[in-house]
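See structure below.
The values are calculated or read from the model by the stated rules, or taken from the named source; none is laboratory data. Predicted model, so just to flag it, every value in this text is computed and none were measured. Backbone-built Cβ (ideal geometry, glycine too); neighbour counts: all protein chains shown.
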């Protein structure tokens with residue numbers, strides 16, 4: 001019975017200063033989101049900007065806080081496309097039917 | 001030469017290799033995170049679908065207390081991720097005392113998030129929000145609001161308990177730095193999910209002037 005890599009994967013992390021910068025960027029982007037909520041924007045545009053900011057925030061968390069940046073490329077190429085594909089398939093159904101309903105309403 | 005190649009192959013197929021150069025616990029946590037991200041995606045897409053299907057979808061969140069509270073909650077959760085990543089770095093250095101302190105700080109922020117969120121829930125319930133009804137519009141609002149934020153809060157509560165167990169075990173020398181890193185992955189994922197819940201549920205539902 002092998003130990004199957006126990007103890008592997010603990011790698012030197014980035015410096016505390018880097019983590020602080022990432023955190024400040026996340027707080028700043030949160031502030032931008034709140035600001036966007038109080039300016040008159042068309043809902044579709046606002047949703048697109050908010051989701052774009054959320055994806056950037058998620059990227060900062062995944063790559064720096066969750067250390068994916070420092071993992072082997074094989075893990076990134078395995079995890080990210082699979083997740084994006086599955087969520088994309090859900091969104092495909094969602095958008096198709098949502099636009100149909102919007103057209104029916106108008 | 002042939003035997004060496006055969007040994008390597010059988011080793012891979014019997015689980016003797018780690019293709020991503022990480023332990024099985026960490027790989028397992030990544031797999032859990034992928035599956036859980038699909039759960040939350042499905043829930044948030046269902047929320048968006050219900051919202052688009054309802055012409056009278058309510059936008060009940062005023063600046064104070066709802067947006068102020070939810071923004072503070074977001075910053076608190078982000079702060080907990082910062083303390084957690086510091087804890088993981090301290091664990092990698094082998095500094096057990098500092099690691100436990102950072103994890104305790106993370107648990108404090110996590111608990112603060114839950115308290116603030118419960119306060120927000122009670123405030124909305126006082127205004128008449130229920131699972132199946134509300135005074136503002138589509139009755140589906142309560143179900144999806146409590147469903148999405150409730151599942152997230154459950155994850156935060158489980159995370160606080162999980163971190164408590166890990167800090168205790170790591171402080172006593174029973175757990176390894178990898179265990180701390182794995183618990184950190186879970187905690188950051190909980191933070192990551194909120195980065196989508198906050199704009200979709202709160203910012204997109206700010207009450208009109």
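Applying the criterion of being within 15 Å of residue A:29 (Cβ to Cβ) and touching a residue at least 40 places away in the same chain (Cβ under 8 Å) to the residues of the stretch B:72-86, the residue that is farthest from the other protein chains (Cβ to nearest Cβ) is B:77.
Kindly provide the set of residues from the stretch B:115-135 that are farther than 25 Å from residue B:77 by Cβ and either under 22 Å from the mean Cα position of the chain (by Cα) or surrounded by fewer than 18 Cβ atoms within 10 Å (Cβ to Cβ) (or both), ordered by number. I'd like the intermediate steps shown before the answer.
Our first condition is that a residue be farther than 25 Å from residue B:77 by Cβ; within the stretch B:115-135, this holds for B:128, B:130, B:132-135.
Answer for the stretch B:115-135, where residues must be farther than 25 Å from residue B:77 by Cβ and either under 22 Å from the mean Cα position of the chain (by Cα) or surrounded by fewer than 18 Cβ atoms within 10 Å (Cβ to Cβ) (or both): B:128, B:130, B:132, B:133, B:135.
Criterion applied to B:106, B:112 was being in contact (Cβ under 8 Å) with a residue 12 or more places away in the chain and surrounded by fewer than 17 Cβ atoms within 10 Å (Cβ to Cβ), and the one residue passing it is B:112. Only a single item in (1) part of a helix (DSSP H, G or I); (2) modelled with pLDDT of 90 or more; (3) within 12 Å of chain A (Cβ to nearest Cβ) is not met by residue B:10, and it is number (2).
Working only within the stretch B:20-58, note down all residues that are surrounded by fewer than 17 Cβ atoms within 10 Å (Cβ to Cβ), facing chain A (nearest Cβ under 10 Å), outside any helix (DSSP H, G or I) and at negative phi. Passing the criteria: only B:55. Restricting the search to helices (runs of 4 or more DSSP H) fully inside chain A and requiring at least 3 residues that are exposed (fewer than 15 other Cβ atoms within 10 Å of the Cβ), modelled with pLDDT under 95 and more than 8 Å from every other protein chain (Cβ to nearest Cβ) gives A:43-60, A:73-105.
Here is a yes/no grid of residues against (1) within 14 Å of another protein chain (Cβ to nearest Cβ); (2) over 30 Å from residue A:39 (Cα atoms):
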{"site": "B:118", "(1), (2)": "no, no"}
{"site": "B:123", "(1), (2)": "no, no"}
{"site": "B:127", "(1), (2)": "no, no"}
{"site": "B:141", "(1), (2)": "no, no"}
{"site": "B:147", "(1), (2)": "no, no"}
{"site": "B:166", "(1), (2)": "no, yes"}
{"site": "B:169", "(1), (2)": "no, yes"}
{"site": "B:172", "(1), (2)": "no, yes"}
{"site": "B:208", "(1), (2)": "yes, no"}
